Amino acid sequence: MNRRMLLVFVGAIASALTACENNFEKVKVIARDNLAQAQTAHNVEIFYSTAGKVQARVLAPVVEHRESTSPVTLMPAGVTAYFLDSLGNLKSTLRANHAKRFEKERVMEGTGNVVVTNVDGDTLRTERLVWEETKDRLYSDKAVRITTKTEVLVGDGLESNQTFTRYRILKPRGIFSVKK
């Protein structure tokens, strides 16, 4: 019985030694790739520009950048974006509980209690809004509510310029008064 136990023990040790591999170069590569894929920063200010002109200033308490074939920047603790005209004057402000920016596409998606206010005081509220930087465009496929000085507009979906001065509700709903 002791001889049999000794053979089992030796066999187990031998298979354990041949099954394990410690390739430190592979470990270094895996660790380096994981570090490059996720980076976190706090209290971040980002400027977005086109042709050397700043078109937006974005503030976020937490920013996580993930590198991959489709790099993405996450703002999980909220975001505030200030949209500027060509002279650097403030034209509108966007706030959202969360945001995600798709780097290659230059598209940012704000979600959760999204509020956009323009210089005239018009306010848009929705749960999801997309900003296409290269097209100077905001849009939503969710319910929207726009409050102006004289009216409240509601509907589903919206298209707007990024300064929220020209906008269109895609599927308006509610009671409308028609001027004759």
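The values are calculated or read from the model by the stated rules, or taken from the named source; none is laboratory data. The structure presented is a predicted model; accordingly, all values stated were derived computationally and were not measured. When we count neighbours, we look across all protein chains shown, and the Cβ atoms used for this are built from the backbone with ideal geometry, even at glycine.
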TODO: May I ask you to verify whether Gly78 is closer than 30 Å to Glu151 by Cα, touching a strand residue (DSSP E or B) at 6+ places or on another chain (Cβ under 9 Å) and at pLDDT 90 or above?
DONE: yes
Open item on the list: Every residue in the stretch 41-77 that is touching a residue at least 24 places away in the same chain (Cβ under 8 Å), of a type in the set (D, E, K, R) and in a strand (DSSP E or B), please.
Closed with: Lys53, Arg57, Glu64, Arg66
Task: Top-ranked residue in the stretch 155-168 [being assigned to a strand (DSSP E or B) and touching an Asp or Glu at 6+ places or on another chain (Cβ under 8 Å); ranked as farthest from Phe83 (Cα to Cα)] - done: Asp156
TODO: Name the single residue, out of those in the stretch 86-114 being surrounded by 15 or more Cβ atoms within 10 Å (Cβ to Cβ) and more than 11 Å from the chain's Cα centre (by Cα), that is farthest from Gln55 (Cα to Cα).
DONE: Val114
TODO: Residues being at pLDDT below 95, buried (at least 17 other Cβ atoms within 10 Å of the Cβ) and more than 19 Å from Gln55 (Cβ to Cβ): count how many of those fall in the stretch 115-158.
DONE: 1
- [ ] Have a look at Val130, Val154, Val119 and point out the one that is under 19 Å from the mean Cα position of the chain (by Cα) and at negative phi.
- [x] Val130
